[in-house]
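Okay, so here's the structure we're looking at.
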Amino acid sequence: MNRRILIADDEKNMRWVLREALEPVGYDVAEASDGKEALSAIAEQEPDLLVLDHRMPAPDGMEVLRRLRGKGYRFPVIMLTAHGNVQTAVEAMKAGASEYVTKPFDLEELKLAIEKALRMGELSAEVERLREEIDRDWDIDGIVATDPKMLEVLDGIQRVAPTGATVMLYGESGTGKELVARALHRLSPRAAKPFVSVSAGALPETLLESELFGYEKGAFTGAMTAKPGRFEMANGGTLFLDEVGDISLAVQVKLLRVLQERTFERLGGTRSVEVDVRVISATNRDLQQLIADGTFREDLYYRLNVVPVTIPPLRKRTADIAPLVAHFLEKFGSKGRAIAPEAMQALVEYQWPGNVRELENTIERVVILSHGDLIELDDLPAEVRAGVSVCDAGSRCFVLPEDGIDLEEVELDFVKQALDRAGSNVPKAAKLLGLTTKTLEARMHRFGL
């Protein structure tokens, strides 16, 4: 399609000359006799380039340029004037003109200026497009999502990230909680500051305390020098506390103080350290149940759970499986390989107890062990090829419906059946289910029974 050039000049002869020069070389030319006509023509159909006379009536060229840039128009503008001077040229360039040409001018030179401005405009547009893509990638930090359930999560992330609110991420292992935490950080005003991650479940109590709060020289055997903790390292930024449900009660007390007062002491120290840290927590455990069991502080729960975000397991966001497979194939160097329909069907129907992490590991294994351009059903691991069958330790298999099952509904059904069989006797029903009475009561509370 020919590029469209708008000529805005109050001299009819000048417009005619430019039209006669530009149309034969492939440009579509439109005309405007003053500033008002130019603004109307641009609003009706934005041109690829504007040739704009500096001095013309209602409003003049400089005012037209300022209005266009103020409204966000970014197409190139070549300013024409019969009254050229350095001050006017500088003013025009500051207002956003791409080129400044003084009348009279050579038509061939003007054509070159137009072609140059168009090329620069296209390059600027491409750079902006690439920048937006990079920003979008950073926004979601590697999260691949097309399923409505996950898109809803991402929408919530974008809304809560700039607020600075404390966020609690819920989800099974392998659902991508750290990716979501990083996305929250990247979208926040703290993005230029550190993102520091610590997994509470991977560290014993004493080591976790020193990792979080640091220690002074001589605080314990082997502490030859002072060391800052993760809170200090994350100052001004974000601290991601994974597996927060595994933190001991003793460390929970110190964590609560940091959240309330923004101060703490290093192990073996007496000096208070002030920090400004946004805390994002994550867990795959039922914190309400931990509170009922007396292993998690209720006041800490309310401090951490200001904005809860639940990340759905992969079996509940099956629309994401195909794009995730494509993403991992590209990641592991097999972008051009195709997947047979029956293989993709098996990938979609498998329940993925390890969630996205298990899918990633599966695709990496397939890429390494399979051959040829087409990934067949036989290339998949045996448990995936089994499709919708799930077997217990005694090799009894249960065939699930084609569209999967809702585990919450299954659990609710079992609780109701146990209560019916026990005649609403909660301790007896708990025994039938292999649960403690307190655990069953928590389940009943959750289900509104």
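Throughout, read-outs are computed from the coordinates displayed, never taken from laboratory work. What you are looking at is a predicted structure, and each value in this text was computed from that prediction instead of being measured. Positions of Cβ are backbone-derived with ideal geometry, glycine not excepted, and every protein chain shown enters the neighbour counts.
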Original post:
What residues have an amide H closer than 5 Å to that of MET56, excluding those fewer than 5 places away on the same chain, when H is modeled at 1.01 Å from N in the peptide plane?
Top reply: GLY61
**OP:** Arrange GLU243, GLU109 by Cβ neighbour counts within 10 Å, fewest through most, would you?
**Re:** GLU109, GLU243
**OP:** On a C-alpha basis, how far is the centre of segment 174-196 from the centre of segment 54-120 in Å? Whole number, if you could?
**Re:** 44
**OP:** May I ask you to list the residues of segment 243-262 whose amide nitrogen lies under 19 Å from a point 7 Å from Cα along the Cα→beta-carbon direction of ALA219?
**Re:** 247-262
Subject >> Contour excess over end-to-end distance, with Cα ends at ARG262 and ASN425 and 0.36 nm allotted per residue >> reply: 54.0 nm
Subject >> Vicinal HN-Hα couplings computed from phi for segment 192-201 (Karplus, 6.51 cos²θ - 1.76 cosθ + 1.60; Hz; Gly/Pro x) >> reply: 7, 9, x, 10, 10, 10, 9, 9, 5, x
Subject >> In segment 153-260, the chymotrypsin sites (Phe, Trp or Tyr not before Pro) that fall in loop regions by DSSP, at most 15 other Cβ within 10 Å >> reply: PHE220
Subject >> Set of lysines with alpha-carbon distance to LYS71 below 30 Å, sequence-local pairs under 8 removed >> reply: LYS12, LYS36, LYS94, LYS103, LYS111, LYS116
**OP:** Kindly state, to the nearest 0.05, the FRET efficiency for SER199 paired with MET14, given R0 = 60 Å and r defined as their beta-carbon distance.
**Re:** 0.25
Subject >> GNM result for the chain, Cα springs below 10 Å: residue of ARG66, ARG365, ARG182 fluctuating most strongly >> reply: ARG66
**OP:** Quick one: which residues, 5 or more positions from ASP147 or on another chain, have an amide H under 5 Å from its amide H? H modelled 1.01 Å from N in the peptide plane, none for Pro or chain starts.
**Re:** ASP320
Subject >> Neighbourhood net charge (10 Å Cβ-Cβ; Lys/Arg +1, Asp/Glu -1) for ILE321 >> reply: -1
Subject >> Correct option for Rg and Dmax of the Cα atoms in Å [calculated from the coordinates] among (1) 32.2, 100; (2) 31.4, 104; (3) 21.9, 64 >> reply: (1)
Original post:
What whole number of Å gives the distance from the Cα centroid of segment 281-317 to the Cα centroid of segment 346-382?
Top reply: 31
**OP:** Quick one: how many lysine pairs does segment 148-310 have with C-alpha atoms less than 23 Å apart and a gap of 8 or more or different chains? Give me the count, please.
**Re:** 6
Original post:
Under 22 Å Cα-Cα from LYS438, which lysines qualify once same-chain neighbours fewer than 8 residues away are excluded?
Top reply: LYS416, LYS428
**OP:** Count the net charge of all other residues whose Cβ sits under 10 Å from the Cβ of TYR73, scoring Lys and Arg as +1 and Asp and Glu as -1.
**Re:** +3
Original post:
For segment 407-447, what class follows from the C-alpha gyration tensor (a ≥ b ≥ c being the square roots of its eigenvalues): rounded when a/c is under 1.5, otherwise prolate if a/b is larger than b/c, else oblate?
Top reply: oblate
Subject >> Computed [θ] at 222 nm, deg cm²/dmol, the chain (DSSP H ≥ 4; -39,500 (n - 2.57); rounded to nearest 500) >> reply: -14500 deg cm²/dmol
**OP:** When a/c is below 1.5 the answer is rounded, else prolate if a/b is larger than b/c, else oblate, so apply that to segment 1-117 with a ≥ b ≥ c taken from the square roots of the Cα gyration tensor eigenvalues.
**Re:** rounded
**OP:** Decide, for segment 129-271, between rounded, prolate and oblate: order the square roots of the alpha carbon gyration tensor eigenvalues as a ≥ b ≥ c, take rounded if a/c falls under 1.5, and otherwise choose prolate if a/b is larger than b/c, else oblate.
**Re:** prolate
